[in-house]
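Enquirer: Can you keep this structure in mind? I'll have questions shortly.
The values are calculated or read from the model by the stated rules, or taken from the named source; none is laboratory data. Because the structure is predicted, anything quoted here is derived from the model rather than measured. Every residue, glycine among them, receives a Cβ derived from its backbone with ideal geometry; neighbour counts consider all protein chains shown. For the accessible areas, the whole protein counts, side chains as well, though only heavy atoms, and no ligand, DNA or RNA atoms are used. Shrake-Rupley method; radii C 1.70, N 1.55, O 1.52, S 1.80 Å.
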Amino acid sequence: MPNNHPDYSPMRGLIPFFTLNMLLEGTHELTSDELDDFFDYYATEVEIVSGFEQQGLSLLTTKKHFREVLPVFRSLFTEATFPEKELAKRKSQKKLTIAIQQEQTGARANQLIRKALFGEMHPFGYISDEAHVDAVNRDAIKGYYATNFCVAPEIFVTGHITDREMQEIENQFNDLPFGEETSTSPSFETFDGKRITDLRPQSLQSSIRLGKILIPKSHSDYNALMVFNTTLGGYFGSRLIKNIREEKGYTYGISGLLGSLRSTDYWMILADVKKGFAEAAIDEVYKEIKLLAEVVLEKEELETVRNYMIGHFLSQFSNPFDLMGRFKKIHLQGLDYTYYEDQLRYIKSFDPSDILRIGKKYFDEESIKEIIVGA
């Protein structure tokens, strides 16, 4: 279900979080303990699915107990009670988490790079504090649950499912009080400057993040971008690992990732480095980006990257749960399985000139935002 609240202020942004995480705290028919006992008895797991753009619940159960479990699972979407006592506990836990994150350089750097890329009023960019948690109340949660929780819901199913089970799902969920998606996420308000620094002289390390908004999966350059990122920092034999970890010894690990939004994707470099080496590590990242944009990959490295990417690609389709996860990723961007067919075909045949082109086109140093948290 989309995170569909029109107001993405930090306090408002916590309402979906608390709503989702309190669904198992009791319904009109069963207390929290009774729900736990019920699902345990039927060898069933119910887990929270929480993201910036999607939220929901997942159900893992046996075929034998499917009909008994499904009605109770369904009740979580309409019958949750959000007890005040449990809410107080959840708020206390959340405030403690926020306090810990403020002290951890890595967690703080993650917050600041999202704020830099998306702006503080975007759901990816806002940063909640303890006062925002204090402002959350049961009435706000119940209001969100009643009007915004089941907005444009989708059900994803995988496993040994027969027509009978599909009919059961339809019978249980076709009368949910669905709402229509009427709002969209606010536009990005990317930080105008180049760098955000949070100096902490007593820290034993520095956390660095580099990032920028890029292109969606539907873009014709996306597969080449994926190869570029993998070569740069996307696997253990990457350029950044060899340089910054193995040669320089600045860090135990550094990685590059491509994150997904409905409308676009974003790129980040993440590393926790030794105290006093943040600037040097960032310089080496830009050095490796420049080399990839100017010097053609040698055949041996190219084939290493290609073989790694083929193996990694195939490993993502090894079981029904992987298949569902892969499908969700493309479905939410309006794509189908031909995306993966094209991607594998590209990985098997890409030319090293593609990496040069992507480096020149997308990785101008001035367009990349920087975060340093620590000493």
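Enquirer: Checking the a/c ratio against 1.5 first, then a/b against b/c, what shape does the Cα gyration tensor give for the range 186-242? Intermediate values should be presented prior to the final figure.
Expert: On the way: a/c = 3.81, a/b = 1.28, b/c = 2.98.
Oblate shape, in that a/c is at least 1.5 and b/c is the bigger or equal ratio.
Enquirer: Please name which of Thr44, Leu60, Ile244 has its Cα lying farthest along the dipole of the chain towards the positive end, using unit charges on Cβ (Lys, Arg +1; Asp, Glu -1) and the Cα centre as origin.
Expert: About the Cα centre, the residue reaching furthest to the positive side is Ile244.
Enquirer: Rounded if a/c is under 1.5, else prolate if a/b is larger than b/c, else oblate: which is the range 94-235, with a ≥ b ≥ c the root eigenvalues of its Cα gyration tensor?
Expert: oblate
Enquirer: A further question on this structure: For a test of understanding, tell me how many lysine pairs in the range 90-237 have Cα atoms under 30 Å apart, given they are 8 or more places apart or on different chains.
Expert: 14
Enquirer: While we're looking at this one, here's another question. List the residues whose amide H sits under 5 Å from the amide H of Met121, counting only those 5 or more places along or on another chain, with H placed 1.01 Å from N in the peptide plane.
Expert: none
Enquirer: I want to check the label-to-label distance for Lys63 and Phe156. Put each point 7 Å from Cα in the C-beta direction and report it in nm to one decimal.
Expert: 2.3 nm
Enquirer: Also, I was wondering about something else. Excluding same-chain pairs closer than 8 in sequence, count the lysine pairs in the range 227-375 whose Cα atoms lie under 21 Å apart.
Expert: 25
Enquirer: Hey, with R₀ at 30 Å, roughly what FRET efficiency would Glu47 and Gln102 work out to, going by the Cβ-Cβ distance, to 0.05? Spell out each step's value before the answer.
Expert: Numbers: r = 27 Å, r/R0 = 0.91.
Computed FRET efficiency for Glu47 and Gln102: 0.65.
Enquirer: Whose amide H sits under 5 Å from the amide H of Gly253, counting only residues 5 or more places off or on another chain, with H placed in the peptide plane?
Expert: When sequence neighbours closer than 5 places are left aside, the close amide H contacts are Asp272.
Enquirer: Once neighbouring chains are kept in place and the probe is 1.4 Å, which whole percent of the accessible area of the range 30-155 is contributed by carbon and sulfur? Present the calculation step by step, with values, prior to reporting the outcome.
Expert: On the way: 3060 of 6260 Å².
Ligands and nucleic acids excluded, carbon and sulfur reach 49 percent.
Enquirer: How would you order 320-330, 22-32 from highest to lowest mean count of nearby Cβ atoms within 10 Å?
Expert: Numbers: 320-330: 14.6, 22-32: 17.0.
Descending packing order for the listed peptides: 22-32, 320-330.
Enquirer: Quick check for me: using +1 on Lys/Arg Cβ and -1 on Asp/Glu Cβ, what's the dipole size of the range 223-294 about its Cα centre, in debye to the nearest 20?
Expert: Details: 9 positive and 9 negative charges, 23 e Å.
Here the range 223-294 has a charge dipole of around 100 debye.
Enquirer: I'd like the Karplus ³J(HN,Hα) series for the range 321-331: coefficients 6.51, -1.76, 1.60, θ = phi - 60°, whole numbers in Hz, and an x wherever there's a Gly or Pro.
Expert: For the range 321-331, the Karplus-derived couplings read 6, 4, 4, 5, x, 5, 5, 4, 4, 7, 4 Hz, x marking Gly and Pro.
Enquirer: In nm, what is the difference between 0.36 nm times the number of residues separating Asp192 and Asp163 and their Cα-Cα distance?
Expert: Details: separation 29, 0.36 × 29 = 10.44 nm, distance 5.42 nm.
So the chain would gain 5.0 nm between Asp192 and Asp163.
Enquirer: Rounded to a whole number, what % of the accessible area of the range 246-375 do carbon and sulfur atoms account for, probe 1.4 Å? Spell out each step's value before the answer.
Expert: Working: 3660 of 6740 Å².
Of the solvent-accessible surface of the range 246-375, carbon and sulfur hold 54 percent.
Enquirer: I've got another one for you. Starting at the first residue of the range 276-292, write each ³J(HN,Hα) from the Karplus equation 6.51 cos²θ - 1.76 cosθ + 1.60 with θ = phi - 60°, in whole Hz, x for Gly and Pro.
Expert: For the range 276-292, the Karplus-derived couplings read x, 10, 4, 4, 5, 5, 4, 4, 5, 4, 5, 4, 5, 4, 4, 4, 5 Hz, x marking Gly and Pro.
Enquirer: If you don't mind, there's one more thing I want to ask. If you place +1 on the Cβ of every Lys and Arg and -1 on the Cβ of every Asp and Glu, how big does the dipole about the Cα centre of the chain come out, in debye to the nearest 20? Don't skip to the end; give the middle numbers.
Expert: Working: 43 positive and 56 negative charges, 214 e Å.
That gives a dipole near 1020 debye.
Enquirer: At a Förster distance of 41 Å, what's the computed FRET efficiency of His219 paired with Phe173, Cβ-Cβ distance as r, to 0.05? List each step's numbers first, then the result.
Expert: On the way: r = 35 Å, r/R0 = 0.84.
Calculated value: 0.75.
Enquirer: Also: Any idea of the accessible area per residue across the range 10-109, 1.4 Å probe, to the nearest Å²?
Expert: Numbers: 5080 Å² over 100 residues.
Spelled out: the 1.4 Å probe surface of the range 10-109, per residue, equals 51 Å².
Enquirer: Using Cα atoms only, what is the angle between the long axis of helix 138-147 and the major principal axis of the chain, expressed in degrees (0 to 90) to the nearest 10?
Expert: 90 degrees
Enquirer: For the range 6-66, rounded, prolate or oblate, judged on the Cα gyration tensor with a ≥ b ≥ c (square roots of eigenvalues), a/c < 1.5 rounded, else prolate if a/b > b/c?
Expert: Values: a/c = 3.93, a/b = 1.91, b/c = 2.06.
The shape class here is oblate.
Enquirer: List the residues, sorted by chain then number, that are 5 or more residues from Gln54 or on another chain and whose placed amide H is less than 5 Å from its amide H.
Expert: Asn3
Enquirer: Could the peptides 163-173, 209-219 be put in order, highest first, of the mean number of other beta-carbon atoms found within 10 Å of their residues?
Expert: Working: 163-173: 12.7, 209-219: 18.3.
So the peptides 163-173, 209-219, ranked by packing, come out 209-219, 163-173.
Enquirer: What whole-number value in Å² describes the accessible area per residue of the range 211-354 for a 1.4 Å probe? Provide the component values of the computation, followed by the final result.
Expert: Values: 6850 Å² over 144 residues.
Roughly 48 Å² per residue, with all protein chains present.
Enquirer: Here's something else I'd like to know. Please determine, in degrees from 0 to 90 and to the nearest 10, the orientation of helix 338-349 with respect to the longest principal axis defined by the Cα atoms of the chain, where the helix direction is its Cα long axis.
Expert: The answer is roughly 20 degrees.
Enquirer: Based on Cβ point charges of +1 for Lys and Arg and -1 for Asp and Glu, what charge dipole magnitude is obtained for the range 26-132 about its Cα centre, in debye rounded to the nearest 20? Present the calculation step by step, with values, prior to reporting the outcome.
Expert: Details: 13 positive and 17 negative charges, 86 e Å.
Rounded to the nearest 20 debye, it is 420 debye.
Enquirer: Once phi is turned into ³J(HN,Hα) by the Karplus curve 6.51 cos²θ - 1.76 cosθ + 1.60 with θ = phi - 60°, what whole-Hz value does each residue of the range 79-96 show in order, with x for glycine and proline?
Expert: Using θ = phi - 60°, the values come out as 10, 5, 10, 6, x, 4, 4, 5, 4, 4, 5, 4, 5, 4, 5, 5, 4, 5 Hz.
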